[in-house]
Amino acid sequence: MGNCCRSPAAVAREDVKSNYFGHDHPRKDSTNGKKSAPIRVLTDVPKENIEDRYLLDRELGRGEFGVTYLCIERTTRDLLACKSISKRKLRTAVDIEDVKREVAIMKHLPKSSSIVTLKEACEDDAAVHLVMELCEGGELFDRIVARGHYTERAAAGVTKTIVEVVQLCHKHGVIHRDLKPENFLFANKKENSPLKAIDFGLSIFFKPGEKFSEIVGSPYYMAPEVLKRSYGPEIDIWSAGVILYILLCGVPPFWAESEQGVAQAILRGIIDFKREPWPNISETAKSLVRQMLEPDPKRRLTAKQVLEHPWIQNAKKAPNVPLGDVVKSRLKQFSVMNRFKRKALRVIAEFLSSQEVEDIKEMFNKMDTDKDGIVTIEELKAGLRDFGTQLAESEVQMLIEAVDTKGKGTLDYGEFVAVSLHLQKVANDEHLRKAFSYFDKDGNGYILPEELCEALKEDGGDDCVDVANDIFQEVDTDKDGRISYEEFAAMMKTGTDWRKASRHYSRGRFNSLSIKLMKDGSLNLGNE
């Protein structure tokens, strides 16, 4: 990638700073090419250089929009974490509002031992920085797999913490909307370390009785009413129920080979309690899973009711018999595959370059024939025909409806970017091939174990050899000791769609083309 001689943290910091620092990289207006001042996101805090007060050290993790660093406060020498969100990647008004809301929600929620503490949010020309409590204990599943003794009792303790987070959010008017194991970290490496929720990027404020229609979340954990585009806070209990099911048996309750298949399984709502180790799990645990995965949100348990359930109330008396090697093996596989996919998705996101956005801007200007800063639906359809899109008109119409939620019949520049970036993903697998080539360091058409290990090492951790071997066990289906492009593509398309590389489709949002609630209440799941 051209950065082999510099540390990942240095490269990441340079990326965050690019395009927005000083007068050398002024931002251009979205429609007429005029230069303007760098965008402001947090208008209630003064602009300042983050490194005046904090030393940003090694990289801890990297998402599509943010890089998280080990952060050292210069005066106290306290160790913290700093999530730096690059303004260069905030391409639409929706992106900016998402960041504002994330900060507002973290400030709004009271301090809790189960939620990562936000110390402060600040901003400079390059990025928005969230300075937070440091969690060094690792991800939920990794800790479980590392334990020699994993039991129903341990699963009950984890579930209690997760639902306490849900209860706190709901009590303070917040729906989390993206509960999943990756969003929970242990505060430290001690055996009794608190488990903390760390990511509120998709969370939203709500009022009693308010319903939302935006399809958000991660496919495995998505409640049926989200797919039907009418939901409230009950969706968080469903997601917590999915996590509980995985904690007890090691696999998701609703799984399929494609995104559409996952959606259909969720809507069918059939829960398998026959596979191992369910026959050996207590009936009280199974009753709680059933009540949390109740398809009717009105009948689903509330957070308070979950915490009052006998299995949670008597967590310390829950069976302490090991759930078995099969569960630990499944959890380990689930964890390492997620790690590989997340790395690949971050690589894809990096290929959404500023040049692509410039190309989209040029396309917008060509379609905007009357130069009024908006594109009508008719102008868009005509323009898409001119640019040779392969989508049927009905599919284009569905995508427009997903973006044009207010029914204006027009798209502004930000909405147009969302449509265009998504169409690029739908049209071909170019980005998936670019991601494959990132791992295929020597360009021989295969990913070798040492190449995968090298790529995973960039994200930290010294267990890359073991992780790479575990991934190969699953992905290398012909057992020739290497991963072909076809095997890589099959892995990326299993259970979740890889085409989520713009903010609207990568931060957990389902493919808008694939899902549409029909007038008769049924769900139409479009073909790939």
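Values as computed for the structure displayed
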quantity	calculated
Long-range HN-HN contacts of residue 214 with modeled amide H, under 5 Å	none
Mean separation of Cα contacts under 8 Å (6+ apart) over length of the range 115-269, as relative contact order %	21 percent
Cα-based convex hull, the range 140-323, per residue volume (Å³, whole number)	116 Å³
Sorted by Cβ density within 10 Å, fewest first, the residues 177, 53	53, 177
Per-residue ³J(HN,Hα) for the range 250-255, Karplus 6.51 cos²θ - 1.76 cosθ + 1.60, θ = phi - 60°, Hz, x for Gly and Pro	x, 9, x, x, 10, 9
Charged-residue dipole, Cβ positions (Lys, Arg, Asp, Glu), the range 140-323 about Cα centre, Debye nearest 20	460 debye
Whether the range 228-296 is rounded, prolate or oblate, judged on the alpha carbon gyration tensor where a/c under 1.5 counts as rounded	oblate
Least to most buried among 75, 369, 151 (fewest other Cβ within 10 Å first)	75, 369, 151
Residue order, fewest to most surrounding Cβ atoms within 10 angstrom, among 483, 374	374, 483
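We did not get these values from a lab; they are worked out from the coordinates using the rules stated. Keep in mind the model is a prediction, meaning the values are calculated, not measured. Don't worry about glycine lacking a Cβ; one is built from the backbone with ideal geometry, like all the others, and counts go over all protein chains shown.
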